[in-house]
């Protein structure tokens, strides 16, 4: 293997301290992040002539054009830094959780007097309680739909005083306990939410016992309506508890983790055992795992999974030893002070059976997913082939771009660009365009502006690609194999004008798609084209068009909300950009500014009582 002078110079200057190293390719992209107790020894080992490297590692080494390193004070600091760098760069050759999005959690705003329950992807140090992570947002909402019938928590933004004249519809259909009108007081409401938290942790017996006692007491006090409500709650809890299988007699909270692998794919299954019962399970996919030993893949999963969890169980059961177990335990102890967790590799008995059961589930899940992927791939291939045949293209279109315009009577106009590659959305390439040059509702001119800006960005990307140190925007760097314009002949005509201006006319296939009859308008053809109603090609085109429409509408609503709020505050005498920003940062929304008192407004730095009265007068 040939080592460049640049790499040789780096290898000669590496320190012998602990730290992390970042390997980069010719395009200055980070392709691997590693950690080492001795940076010099570890990094140089990749380039030893006698090194017996795995296939993936050989590919990695061939692509290394540059190496950076960061020294730290200890192995623990190196582990934490490595995880953060992998999360930031998502290097191709590292083992990593497949989804690059944040996983959803159930969040309970425990710091609020009347806590609310909702789904979030962002954990914050705000006194809230979090449960998760979950791999499916749909599954989280299904869980909350069930829980809300048992624990009817708040979902509105009312300020709870208990003095409101009437409750909302949710109270009437028993999906809210109505603290707003005083049906439940603060203490009882918080007790109910605490029960919900305990329920999510799998601890149902104390809840059932307390509710049974409360129901008996209500009945003795002749409060039969309250007793009946508790009875219904108990019945709902019982239905859920019946589905939770008793696994072990010991009451140590445990996560059981096992893995299945097939042709480079890795699926990890996690069983969540709380109070001796299996309360849930979830699977996680890993990429970059090919040619990596099972123990190393498992270690990477443990680090990335528990980096996202709000708490840790009393024990984690694994199928085999992992090399970094001691440093991982040290890291978890630092992240969760006061909580103890043991990592156990059971060899026999009930715990070993749990590992085997998790492994079987992981294998079944991976097989089902691979069959699903194969089916989806077949549908995508069929759809692209049908589009190729219908449009008489030389080959199936790999990259398809679609554009749409959204506005309200010409105001807050926004254009959207969505990108599909091999029939799959590439959301990191989606882009929004705030329309700048068009006044009034003119979708034709707006489309022309959007496409002009898109291909201007393409030209800039070509120039940047030839400049050392410049990183072109990959969303614009490549031309589409097919361009879809949401609209009829008018929008298509403007699109053709733009392509001609950039000398791309005839080089990029393009058509306009009319919404009503799903008609395809092609350049130079009077009659429209229609794909068969049940064809995969039509389904894909509709999906791409609908995605462009959704993305444009969401961008338009965001712009309208943002600029409408800004213009409302700007119309108030004495409120300029800095004070507008100050108000929004302090109160968070126009409604909260409107409901603030004069004293609250005048307490802000630079706000006089006179200015506070002016703000109140204009907003009211």
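Taking a quarter of the surface of the Cα convex hull of region 257-368 gives a mean projected area of 7.1 nm².
Normalising the Debye intensity of region 571-619 to I(0), with uniform scatterers on Cα atoms only, and taking log10 at q = 0.30, 0.31 Å⁻¹ returns -1.47, -1.58. Between the C-alpha center of region 363-440 and that of region 264-283 there is a gap of 34 Å.
Once divided by 2.2 N^0.38 Å, the Cα radius of gyration of the chain becomes 1.17.
Compactness ratio for region 440-479: Cα radius of gyration over 2.2 N^0.38 Å (N = residue count) comes to 1.45.
When Rg and Dmax are taken over the Cα atoms of region 5-94, they come to 12.4, 33 Å. Estimated from helices alone, the mean residue ellipticity of the chain at 222 nm is -15000 deg cm²/dmol (sum of -39500 (n - 2.57) over DSSP H runs with n ≥ 4, per residue).
Please compute the alpha carbon radius of gyration of region 399-559, then divide it by the globular-protein estimate 2.2 N^0.38 Å. Two decimals is fine. Could the numbers behind the result be given before it?
Values: Rg = 15.4 Å, N = 161, 2.2 N^0.38 = 15.2 Å.
Normalised Rg, Cα atoms only: 1.02.
Highest-first packing order for the peptide set 335-343, 348-356 is 348-356, 335-343, based on the mean count of other beta carbon atoms within 10 Å. In terms of packing, defined here as the mean over residues of other Cβ atoms within 10 angstrom, the peptides 542-554, 599-611 line up highest first as 542-554, 599-611. Only Cα sites of region 315-458 enter the Debye sum here, all with the same form factor; the resulting log10 I(q)/I(0) across q = 0.11, 0.14, 0.16 1/Å is -0.76, -0.84, -0.93, listed in q order.
As a footprinting exposure proxy, order 467, 616 by other Cβ within 10 Å, with the fewest listed first.
Details: 467 9, 616 17.
Ranked by crowding around the Cβ, least crowded first: 467, 616.
Legend: P(r) of region 1-158 from all alpha carbon pair distances, 5 Å bins from 0, whole percents, reading 1, 8, 13, 15, 14, 9, 7, 8, 8, 7, 5, 3, 2, 0. Taking every Cα-Cα distance in region 83-194 and sorting them into 5 Å bins starting at zero, the pair-distance distribution P(r) comes out as 2, 10, 18, 18, 16, 12, 8, 5, 5, 4, 2, 0, 0 percent.
Once a ≥ b ≥ c are taken as the square roots of the eigenvalues of the Cα gyration tensor of region 142-233, is the result rounded (a/c under 1.5), prolate (a/b larger than b/c) or oblate (a/b not larger than b/c)? Before the final figure, lay out each step's value.
On the way: a/c = 1.81, a/b = 1.19, b/c = 1.51.
Oblate, because a/c is 1.5 or more while a/b does not exceed b/c.
Where a number appears in this text, it was derived from the coordinates with a stated rule and is not lab data. Computed from a predicted structure; not experimentally measured. Note that each Cβ is placed from the backbone with ideal geometry, even for glycine, and that neighbours are counted across all protein chains shown.
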